[in-house]
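Chemist: To start, I am sharing the structure in question, which I have written as structure tokens.
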Amino acid sequence: MEIRKVQMTGGSSFIISLPKEWVKASDIKKNDPLGLIVQPDGSLTITPKLSGKPVERIKTFDLSVLDDPSYLYRSLIGAYVTGFDTIVIQSPGRIPSWAHKTVRKFTQRTVGQEVSDQTDRKIVIKDLLDPGEMPFENTLRRMAVIVAGMQRDAVLALKTRDEELVEDVILRDRDVNRLYWLVARQFNLLLRNVSLSRDMGVDIELALNYLQISRVIERVGDHVVKLAESIRSLMYVSIEKKIVDVIEVKNRESLSIFQASVDSFFEKDIHKANDTILEVGELVKKCNEVSGWLFDLGTPGVVYIGYCIENFRRVGEYAGVISENAINYLVIEKP
């Protein structure tokens, strides 16, 4: 960091000199206009790019090297998350059908990605989303709502023996993943173009917290999928009512803790976040006790019932991680 002193000229104007190396590298000439952007954290960004738009970033994949659908799909997700504006897929010969299927899968599971041009040997994918149109907070709230709904419906499916509902719960995890990838992409775009912080209403520090919490919610979604898979295995197993009642209770408790952890972050309530962490400890203790007497019963499907209890415990533990993130961020501005 360079330290430069503020000077006064004309009795009312404050001025500061610009680093010579930066001026040369940015090709700034006398009388050129510069943009001044006040960031949410009070810092000031100086940029020669008055439009605030970064240079278009293009990533090209060659199918003579990427010859596997899974490899291509993971590469496309990587290019999306790291913030490339245009993705080009090219082939020395005619593009195979598996590549077209992979591209279609990619565009269906990401936000704002569309095929803009296509020939026998090339596919061009463009990002059509304005980062400012998808605020971090809205995306995280949506993720939390989807995950909570998945967990409620998974347990409802056990009570009603609704196998279709279980399958729907598992499929909904794709929506959680696509929103998590969107948050990761938005964060990487923000790192490369700090002027976006004005449009998105966040600074880098807050954006990092959104990214960390979105990752935790995505992991919660993975455990709800495991819960649904265990319940699918219990569809045709006779389960005593008292065990179903226990599952419902642990479901409500873990969901309550998860929702409280998310609320503590958005409401900026550091005391609520701390109370939630204490509740997590109680939930873990109760789940361990249930797991102990379950295996002593030897009831049919006990292994999958145990998996259900285990996933309730893990959801609670991840809620504790969200609350810890909330405290780590809020302690800066709260007494």
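Since every read-out is calculated from the coordinates, none of them should be taken as a lab result. The structure presented is a predicted model; accordingly, all values stated were derived computationally and were not measured. Because the Cβ atoms are built from the backbone with ideal geometry, glycine has one as well, and the counts that use them run over all protein chains shown.
Chemist: Describe numerically, in nm with one decimal, the distance between label points set 7 Å from Cα along Cα→Cβ at SER97 and at ARG152.
Modeler: Between SER97 and ARG152, the label points sit 4.3 nm apart.
Chemist: Hey, another quick one. Report, in degrees rounded to the nearest 10, the 0 to 90 angle that the Cα long axis of helix 270-297 makes with the longest principal axis of the chain.
Modeler: Once rounded, one gets 30 degrees.
Chemist: Also: Please rank HIS100, HIS223, fewest neighbouring Cβ atoms within 10 Å first, as an exposure proxy.
Modeler: Values: HIS100 14, HIS223 20.
Ascending Cβ contact count within 10 Å gives the list HIS100, HIS223.
Chemist: When the chain is fully extended, how far beyond the present Cα-Cα distance does GLN108 get from ILE16, taking 0.36 nm per residue of separation?
Modeler: Numbers: separation 92, 0.36 × 92 = 33.12 nm, distance 4.94 nm.
Once the chain is fully extended between GLN108 and ILE16, it gains 28.2 nm.
Chemist: Quick one: which of LYS59/LYS101; LYS24/LYS126; LYS105/LYS226; LYS241/LYS285 span more than 21 angstrom between C-alpha atoms? Provide the component values of the computation, followed by the final result.
Modeler: Details: LYS59/LYS101 19 Å; LYS24/LYS126 33 Å; LYS105/LYS226 23 Å; LYS241/LYS285 23 Å.
Long pairs (Cα-Cα over 21 Å): LYS24/LYS126; LYS105/LYS226; LYS241/LYS285.
Chemist: Mind checking the full-extension length gain between LEU191 and ARG142? Use 0.36 nm per residue of separation minus the Cα-Cα distance, one decimal, nm. Don't skip to the end; give the middle numbers.
Modeler: Working: separation 49, 0.36 × 49 = 17.64 nm, distance 2.33 nm.
That pair, LEU191 and ARG142, stretches by 15.3 nm at full extension.
Chemist: Roughly how many nanometres apart are two label points built 7 Å out from the Cα toward the Cβ at LYS159 and GLU240?
Modeler: 2.0
Chemist: Further question: If you compute mean projected area of the Cα convex hull in nm² for the structure shown, which of (i) 18.7; (ii) 23.5; (iii) 16.0 do you land on?
Modeler: (ii)
Chemist: Excluding same-chain residues fewer than 8 positions from LYS268, which lysines have a Cα within less than 25 Å of its Cα?
Modeler: Once the sequence-local lysines are set aside, what remains near LYS268 is LYS334.
Chemist: Relative to the longest principal Cα axis of the chain, at what angle does helix 163-192 sit, 0 to 90 degrees, rounded to 10?
Modeler: Roughly 20 degrees, rounded to the nearest 10.
Chemist: Which percent, to the nearest 5, of DSSP beta bridges fully inside region 58-131 are antiparallel?
Modeler: Details: 10 of 15 bridges.
Roughly 65 percent of the DSSP beta bridges within region 58-131 come out antiparallel.
Chemist: OK, next. Considering only C-alpha atoms, what is the centroid distance from region 238-254 to region 59-113, in Å?
Modeler: 44
Chemist: Note the angle between two axes, namely the Cα long axis of helix 136-160 and the longest principal axis of the Cα atoms of the chain, as a number of degrees from 0 to 90, rounded to the nearest 10.
Modeler: 10
Chemist: Something else now. Mind checking which lysines have their Cα closer than 27 Å to the Cα of LYS20? Skip sequence neighbours fewer than 8 apart in that chain.
Modeler: LYS5, LYS29, LYS30, LYS49, LYS53
Chemist: Among 116-123, 169-176, how do they line up from the highest to the lowest mean number of other beta-carbon atoms within 10 Å?
Modeler: On the way: 116-123: 13.1, 169-176: 18.1.
Output ranking for 116-123, 169-176: 169-176, 116-123.
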